[in-house]
1. What is the antiparallel percent of DSSP beta bridges lying wholly in the chain, to the nearest 5?
2. Accessible area of the range 131-234 with a 1.4 Å probe: how many percent of it is carbon plus sulfur?
3. Take the alpha carbon gyration tensor of the range 1-79, find the square roots of its eigenvalues, order them as a ≥ b ≥ c, and report rounded if a/c is under 1.5; if not, report prolate when a/b exceeds b/c, else oblate.
4. Would you mind working out the magnitude of the charge dipole of the chain relative to its Cα centre, with +1 at each Lys and Arg C-beta and -1 at each Asp and Glu C-beta, to the nearest 20 Debye?
5. Over the range 97-234, with the other protein chains present, what is the accessible area per residue in square angstrom, probe 1.4 angstrom?
6. Show me the helices of the chain, taken as full DSSP H stretches, that run 18 Å or more along their long axis by Cα and average 0.0 or above in Kyte-Doolittle hydropathy.
7. As an exercise, find the ratio Rg/Rh for the range 1-136 from alpha-carbon atoms, using the Kirkwood inverse-distance average for Rh.
8. Using label points projected 7 Å from each Cα along Cα→Cβ, tell me how many nm separate Q149 and E46, to one decimal.
Amino acid sequence: MNRRRVGIVTGANRGIGYELARQLAATGVTVVTAARDAAAATATAEQLQGEGLDVHPVHLDITDQASIDTAIVAVIACFGRIDVLVNNAGIAIDARVPAATPDLATAHRTVDTNLFGTWRCCTAVIPHMTAAGYGRIVNLTSHMSLSAQLRAGSPSYRISKAAINTLTRILADELAGTGILINAASPGQVQTRIGPKAASRTPAEAAKGLLWLTDLPADGPTGRLFYEHDELTW
Ligand SMILES: NC(=O)c1ccc[n+]([C@@H]2O[C@H](COP(=O)([O-])OP(=O)(O)OC[C@H]3O[C@@H](n4cnc5c(N)ncnc54)[C@H](OP(=O)(O)O)[C@@H]3O)[C@@H](O)[C@H]2O)c1
């Protein structure tokens with residue numbers, strides 16, 4: 001078994017996920033850079049290895065259960081443990097779609113990726129974390145999903161992230177006492193492909209604000225929602 005903690009970051013090939021992978025590895029965690037494009041996963045890992053970091057690629061499409069199962073089997077075979085999961089991968093493809101006249105195929109794809117993708121990855125690692133009596137899971141959500149900020153625009157994105165919030169709370173309750181702590185976190189508005197044009201935060205700043213949730217003490221929070229270290233109201 002790997003002596004260091006092992007963490008998986010989904011969608012690690014670019015944006016916030018890439019910076020999270022880099023910063024998590026810099027803390028001494030063995031990081032698995034998961035991406036739906038196998039070549040991108042490898043290129044990402046090689047780039048970070050070039051910085052002296054202990055990073056390894058895996059192909060993982062969060063919409064494909066077989067791909068997730070294969071990836072988790074490979075990580076366990078290689079390292080014998082999964083301590084951290086950051087459910088970072090996500091899509092936002094319905095910014096200008098009205099909820100009253102939706103393209104339900106787009107909505108379905110968004111919810112399948114953001115909600116069910118996150119859910120699939122959680123359920124894939126939970127048995128390993130439960131057996132080890134330790135796990136830290138971080139689910140990326142958005143301020144756009146908060147009750148006080150629900151309004152027109154990006155309906156399926158908002159719905160998918162609000163559902164991630166709900167999933168986080170339910171799983172935290174179910175997993176109480178197992179050693180697994182699971183929280184949701186918003187990165188704020190970040191300069192990435194998904195992020196708004198006016199986004200002020202860099203991916204590195206956003207990743208720094210999320211990192212602490214991957215290394216919570218045993219009595220740390222679970223089933224909560226954060227922006228940086230500030231707790232948000234769902
Ligand atoms: N940027 C913001 O302002 C902001 C605000 C709130 C929340 N967030 C959340 O932060 C997270 C990261 O987003 P980002 O801003 O870094 O955007 P990004 O640069 O667009 O990155 C999204 C990542 O998700 C991956 N991905 C999408 N579908 C996938 C799938 N089916 N399987 C595996 N990976 C998949 C992408 O892979 P490909 O390269 O293959 O497409 C990419 O690596 C998302 O959950 C997003 O909702 C971002």
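The values are calculated or read from the model by the stated rules, or taken from the named source; none is laboratory data. The structure presented is a predicted model; accordingly, all values stated were derived computationally and were not measured. Every residue, glycine among them, receives a Cβ derived from its backbone with ideal geometry; neighbour counts consider all protein chains shown. What goes into the accessible areas is simple: the full protein's heavy atoms, side chains included, and nothing from ligands, DNA or RNA. Shrake-Rupley method; radii C 1.70, N 1.55, O 1.52, S 1.80 Å.
1. Around 5 percent antiparallel, to the nearest 5.
2. Solvent-exposed carbon and sulfur of the range 131-234 make up 53 percent of the total.
3. oblate
4. For the chain, the charge dipole is close to 320 debye.
5. Numbers: 6660 Å² over 138 residues.
Per-residue value: 48 Å².
6. The answer, listed by residue number, is 65-79, 117-132.
7. With Rh from the inverse mean 1/r over Cα pairs, Rg/Rh is 1.02.
8. That separation, rounded to one decimal, is 3.8 nm.
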